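To keep things clear, I will list the structure first and then write my remarks on it.
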Amino acid sequence: MQVNLLGVFRCAKAAAPALKVARGAIVNTASIAGLGRAGSSLTYSATKAGVVSVTQNLARALGPQVRVNAVAPGSVDSTWMVEWTAEQQRASAEGAALKRRCTPDDIAEVIVFLGFGAAMVTGQTVVVDGGLTL
């Protein structure tokens with residue numbers, strides 16, 4: 001709760017004055033677990049659902065000077081998956097429409113788009129999961 005949810009809120013609160021002057025953007029990290037999909041735990045899913053809600057509410061509160069969006073990654077090919085068996089990793093990739101797991105670079109690409117482009121996008125959570133949740 002401290003990191004996943006309160007950290008998001010506190011960082012936004014601290015940065016808001018400077019972001020308003022700069023007409024900047026916030027991109028939060030949610031998860032497909034926060035959108036009603038299976039997550040690693042009840043607490044994790046609840047905090048990520050909170051990030052989605054905080055994102056929407058901050059977009060209302062900080063607009064029009066600041067845009068606020070979130071990304072919601074699905075299964076990410078990272079060191080966290082070291083504990084997964086080869087079968088679990090294969091099944092995860094096969095379950096996605098694009099037949100692969102996301103990489104950190106895939107997620108970063110969307111974060112950069114939301115942070116420095118997408119002038120008319122605010123209050124949204126963009127799912128970055130290769131079609132896993134379709």
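Some values worked out for this structure:
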item: Whichever residue in segment 54-74 is small (Gly, Ala, Ser) and under 12 Å from the mean Cα position of the chain (by Cα) and, among such residues, is surrounded by the most Cβ atoms within 10 Å (Cβ to Cβ); result: ALA70
item: Tally of residues being free of Cβ contacts under 8 Å to residues at least 12 places away in the same chain and either hydrophobic (A, V, I, L, M, F, W, C) or in contact with a strand residue (DSSP E or B) (Cβ under 6 Å, 6 or more places away or on another chain) (or both) across segment 47-71; result: 1
item: Residue count for segment 38-56, restricted to those that are over 17 Å from VAL71 (Cα atoms) and in a helix (DSSP H, G or I); result: 2
item: Residue in segment 88-100 that is nearest to THR133 (Cα to Cα), counting only those that are at pLDDT 90 or above and either open to solvent by 100 Å² or more (accessible area, probe 1.4 Å) or touching an Asp or Glu at 6+ places or on another chain (Cβ under 8 Å) (or both); result: ALA96
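The values are calculated or read from the model by the stated rules, or taken from the named source; none is laboratory data. Fair warning: this is a prediction, and the values are worked out from it, not measured in the lab. Every residue, glycine as well, gets a Cβ built from its backbone with ideal geometry; the counts of neighbours run over all protein chains shown. In case anyone asks, the SASA skips ligands and DNA or RNA and just uses the protein heavy atoms, side chains included. Shrake-Rupley method; radii C 1.70, N 1.55, O 1.52, S 1.80 Å.
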